[in-house]
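Peer 1: Please find one structure pasted underneath; my questions will follow.
The values are calculated or read from the model by the stated rules, or taken from the named source; none is laboratory data. Quantities reported herein were computed from a predicted structural model and do not represent experimental measurements. Neighbour counts are summed over all protein chains in view; Cβ atoms, including those assigned to glycine, are modelled from backbone coordinates with ideal geometry.
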Amino acid sequence: MPDVQVLVNDFINKLRKRKIEGSQATSRQTAELLRSVISQTRVPYTNQAGALIDAVRAVGEQLIAANPVELAVGNIVRRVLHIIREEDLSLATAAVAGLGLSSVSDDEDDAERDNHPVLSAAVVAAAARSTLRPPSLQTLLEDVPDSGAVPHTSSSGGDSEGKSKSADKSSRSRKLKHDVIEALNELIQDITTCHELIAEQAVEHIHQNEVILTLGSSRTVLEFLCAAKEKKRSFRVFVAEGAPRYQGHLLAKDLVTRGLQTTLITDSAVFAMISRVNMVIVGAHAVMANGGVIAPVGLNMVALAAQRHAVPFVVLAGSHKLCPLYPHNPEVLLNELRSPSELLDFGEFSDCMDFGTGTASPLLHVVNPTFDYVPPKLVSLFITDTGGHNPSYVYRLIADYYSADDLVVQQRPPTAS
Amino acid sequence: MEARRASRTVSDPKVRHVGFFTPDPNPQPGWNPLASDTPVSNSLSPVMIPPPRQPSDRTAAVPVPETGIRRQTGADQVPVGSYNPSESLLGSSPAPSSPSSRVGLVDGEFSEESNGWFRRSESGKYASSLPDTMVDRAPENSASAAPVLESKKSVEATGKGGKAVVEEQNEVQSSSMPLKEKTTKAERRALQEAQRAAKASGKEGNKSAAVSQGAAPVKPVKQPSQKKDGPPVSVSVSVVSFDKKGGDRPPEKERKKDVPAPRMQFDDKSRVQKAKKHAVVKQTEARNRVELFRHLPQYEHGTQLPDLESKFFQLDPVHPAIYKVGLQYLAGDISGGNARCIAMLQAFKEAIEDYSTPQEKTLARDLTAKISSYVSFFIECRPLSIGMGNAIRSLKTRITDLPLTLSESEAKAALCSDIEHFINEKIILADKVIVRHAVTKIRDGDVLLTYGSSCVVEMILLYAHEMGKQFRVVVVDSRPKLEGQALLRRLVAKGLSCTYSHINALSYVMHEVTKVFLGAASVLSNGTVYSRVGTASVAMVANAFHVPVLICCEAYKFHERVQLDSICFNELGDPDAIAKVSGRTDVNYLNNWANKENLQLLNLMYDATPSDYISMIVTDYGMIPPTSVPVIVREYRRDHVFI
């Protein structure tokens, strides 16, 4: 599959050079890339799921390493892995159900197919059901050994009886790949339409004469506000410009063309204005499992000001932004420093900057971070495409999208290779 | 220190020396409270009938309403306080070790003050219940005819006496302290305090006397007793309460003066029209104004300057020096509270030097009117800062207080020297004092954050660097002024190690910061710091990261106004500055924003930082918590009058 490798390398280069901006674009392209990876992966007769998972993992690892700060890549890789597992399980349960109807004697075969040679069909069915169902404490306890075993035990278990039912299996393997790709298409669809799903909820949150503050630019926020406007709500928006990228200018322009009362303010005036604001609505870069938000730089300040004045701080985030990781020192580790030229004109300060050439350390440093970490206690509400959620509920949302085995993608389990 | 404090708690209500206070440089051995009476009575404004402290004394020093003399020549004449400006200006620099103790004093003050608050209502009781009725002054008092009047006077006398005693003790105790100037301030303040107390309590005295006239002669007697032996606690309490009373309720007339005139509200159409008629600067109102800020003036920028420049040679009533400074304000060539204030005062000085009184007019009135017209010209160019307002206020008081006997040239010379004094003492010297204080808070290894460009903070940083302290500076900046870049350049040129960032990155840089130094345009009496927009955000983030925030502000910028938000009073800058991002040609989304009906750009200039974000305010009177601002405002406001 050389052509896939070319695609992957191309995408990795783009990620490395930070050519792709915005988590939505990144996640969509990641999903598309993984789709082509999956479609090009030749699946063995046995253990199709394991093979797919390995392939996706190998690519995902490289993608994540290319831009570890762009959490959306990792999210999508994990989502795809989860989809493969789910599809595999649903196929298995379907087969179990079919077998259970026809005869009980095929018990052994069914178990083999599901890569659990020693388990009875009933247990497998239970396991399958439990994974499709949202996990509860009980299923978590039951599930852990099973799902952990899926990719690994299969290879050993599959060999013994693989030859007997090869024809059936090939059809099934095609079915699995097909299902996975179907699901991936759905995921891509979800990512592209998550704006609309979020924007649909706008009228529930914005009332007449509301004053809304936002910082920087986010397409989700734009759609959200415009959706409320279309529903004949009249409200005014304060847009902080979001130095040093000044995306706020762009947002203000877009809002004005859509007919919203817009006031552009400097970032420094946020504290002054927030006392007259009813709600802060912002986009996010990523939402961590603890409910913290990795957001465009400056939002922590806004969130603090909002908290001070008891203004609700609402974060709009598509489900592709939900990251199953818990942040550790996110201000530093999940941040990225951009070029100082956005802050200082090199030409003007060139005489101050060449101290570094001598023995002494340079006198002038310029810090230009990209992201801010907003701790969960400052967030009032998340609005995702599945509805509004409390920050404390995010960990649970994540369980819907990711399986616990995929949380660590980078480190390949030693047994897998 | 210990001894001093102990004695203070017993006898001294004067803890309110927040800053430095020193004894009379040349204490006269025979000095007694009575002697201090003369300047008191002299310094009273003619309207106030100076209540005699004791009848005999009073007759000797009949209050002549020529208050100005004493004020004007105060420098060389004042017998008691011997306020010697040259000495205070040049001679002494504050001991750098003092700040901590100062802060301690402030604390002390607060506790005592609250005491005073509590006791206030009871003070009458305390005073009248004092047992030792009879001491030296009783006979004189009894000689007086009208009991009601007497009670008033005597009450006042006690207040004053108490003060005086305290004064005396202070001198004895702390004669080793440097800094002459503050002593006299303290004294003057004390005297005025006493007068006010007298007035305030006079009213009550009237009342109480009406109820029970028998009590009247008792009161005055308390004072000598206190003077003689170690003062009983109750006495000191009553003294405290007395002057608290004075401090808290100034007499009607003064109070009226204190309340700042309501500011011009620009949503009031008729008044705006009226104001426009007199305007020198031709202004067109900006389009697309922000609804929330209708009450603030906002004009189209760019049109006024050429217009004004063309008018430069049509010499209308505005003096050329004033005109020049006004133009500089308008063009933004002079910015920063201190620079603007100094430029304004120097322009006033030039104008006063060239001034000649027209026929059939008095200097005091005509010059005040002139100054007022200059001030309104300045306001047209750019709204005044609060520090400038204070400076103008003190200058006007000086003019009205000029004695009529003075010839014109003398009066002008006096005013000019007063202006010089104000600049030197309230701004330049105050900055030096602040630097000395603040430097004690900088330690090796510190990472200091500052926002925008404050000249005091810059002086502090440079001074600390000169002292060889090892620290790093984080300069945080924000659009549209980007004043931090200029500061950064100056600091780096001096060899300081700097980090530069923008205000959005605050949360990122705040992790390593150990202290935040901020300047202020004004400190309001509820502790709110009114400063360059963004200061509040910096203070808030610092507070969230538990980093102490130190505000550096000269006391002449303190104001008794209160403000809760940044909206009721503010200044609006040029909105075009927001649409254009300097040095970034790629950000051009809003090039023709004015045509868009729905879009407004808001360029706020200031914001109000709530006092709970502020750990400390470093001012020329010492380092104080924000809660002590009203104390400084109340106690030292009178000083501005004296320039």
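Peer 1: Where residues in region A:262-290 are surrounded by fewer than 23 Cβ atoms within 10 Å (Cβ to Cβ) and touching a Pro at 6+ places or on another chain (Cβ under 9 Å), which of them is farthest from the other protein chains (Cβ to nearest Cβ)?
Peer 2: Here the residue is A:289.
Peer 1: Is it the case, given these coordinates, that residue B:490 is facing chain A (nearest Cβ under 9 Å), of a type in the set (Lys, Arg) and at negative phi?
Peer 2: Here the answer is no, as residue B:490 does not meet what is asked.
Peer 1: Among the numbered conditions (1) crowded, with 24+ Cβ neighbours inside 10 Å; (2) out of contact with any helix residue (DSSP H, G or I) (no Cβ under 6 Å at 6 or more places or on another chain); (3) within 8 Å of chain B (Cβ to nearest Cβ), tell me where residue A:259 comes up short.
Peer 2: Looking at each condition in turn, residue A:259 falls short on (1).
Peer 1: Any residue at all in region B:597-607 that's farther than 26 Å from residue A:307 by Cβ, over 21 Å from the mean Cα position of the chain (by Cα), within 9 Å of chain A (Cβ to nearest Cβ) and surrounded by fewer than 21 Cβ atoms within 10 Å (Cβ to Cβ)?
Peer 2: yes
Peer 1: Would you confirm whether any residue within region B:562-571 is surrounded by 20 or more Cβ atoms within 10 Å (Cβ to Cβ), part of a loop (DSSP other than H, G, I, E, B), facing chain A (nearest Cβ under 9 Å) and within 26 Å of the chain's Cα centre (by Cα)?
Peer 2: yes
Peer 1: Oh, and also: I'd like the residue in region A:68-98 that is of a type in the set (Val, Ile, Thr) and more than 18 Å from the chain's Cα centre (by Cα) and, out of all such residues, is nearest to residue A:29 (Cα to Cα).
Peer 2: For region A:68-98, the residue satisfying everything is A:93.
Peer 1: Filter region B:481-496 down to residues that are under 30 Å from the mean Cα position of the chain (by Cα) and among the charged types (D, E, K, R), then give me how many there are.
Peer 2: Qualifying residue count for the region: 3.
Peer 1: Looking at B:415, B:448, which one is in contact (Cβ under 8 Å) with a residue 40 or more places away in the chain and not in a helix (DSSP H, G or I)?
Peer 2: B:448
Peer 1: Looking only at region B:572-596, which residues are facing chain A (nearest Cβ under 8 Å), crowded, with 17+ Cβ neighbours inside 10 Å, assigned to a loop (DSSP other than H, G, I, E, B) and not aromatic (Phe, Trp, Tyr)?
Peer 2: B:581, B:587, B:590
Peer 1: Can you name every residue in region A:275-309 that is in a strand (DSSP E or B) and under 19 Å from the mean Cα position of the chain (by Cα)?
Peer 2: A:282, A:283, A:286, A:287, A:293, A:294, A:295, A:296
Peer 1: Please verify whether region A:362-381 includes one or more residues that are in a loop (DSSP other than H, G, I, E, B), at pLDDT below 90 and within 14 Å of chain B (Cβ to nearest Cβ).
Peer 2: yes
Peer 1: With A:239, A:221 as the choices, which residue is buried (at least 24 other Cβ atoms within 10 Å of the Cβ), aliphatic (A, V, I, L, M) and either within 11 Å of chain B (Cβ to nearest Cβ) or without any contact (Cβ under 8 Å) to a residue 24 or more places away in the chain (or both)?
Peer 2: Going through A:239, A:221 in turn, just one is buried (at least 24 other Cβ atoms within 10 Å of the Cβ), aliphatic (A, V, I, L, M) and either within 11 Å of chain B (Cβ to nearest Cβ) or without any contact (Cβ under 8 Å) to a residue 24 or more places away in the chain (or both): A:239.
Peer 1: Does residue A:356 satisfy the criteria of being more than 11 Å from chain B (Cβ to nearest Cβ), surrounded by fewer than 17 Cβ atoms within 10 Å (Cβ to Cβ) and at pLDDT below 90?
Peer 2: Yes; evaluated as a whole, the condition is true for this residue.
Peer 1: Filter region A:1-50 down to the residues that are of a type in the set (Ser, Thr, Tyr), outside any helix (DSSP H, G or I) and surrounded by fewer than 18 Cβ atoms within 10 Å (Cβ to Cβ) and list them by number.
Peer 2: A:45
Peer 1: Please work out which residue is farthest from the chain's Cα centre (by Cα), limiting yourself to region B:519-548 and to residues that are away from chain A (no Cβ under 13 Å) and in a strand (DSSP E or B).
Peer 2: B:519
Peer 1: Which is among the small types (Gly, Ala, Ser) and in contact with an Asp or Glu (Cβ under 8 Å, 6 or more places away or on another chain), of B:628, B:615?
Peer 2: The conditions single out B:628.
Peer 1: State all residues of region A:1-36 that are of a type in the set (Val, Ile, Thr), under 18 Å from the mean Cα position of the chain (by Cα) and modelled with pLDDT of 85 or more; if no residue qualifies, say none.
Peer 2: Result: A:12, A:26, A:30.
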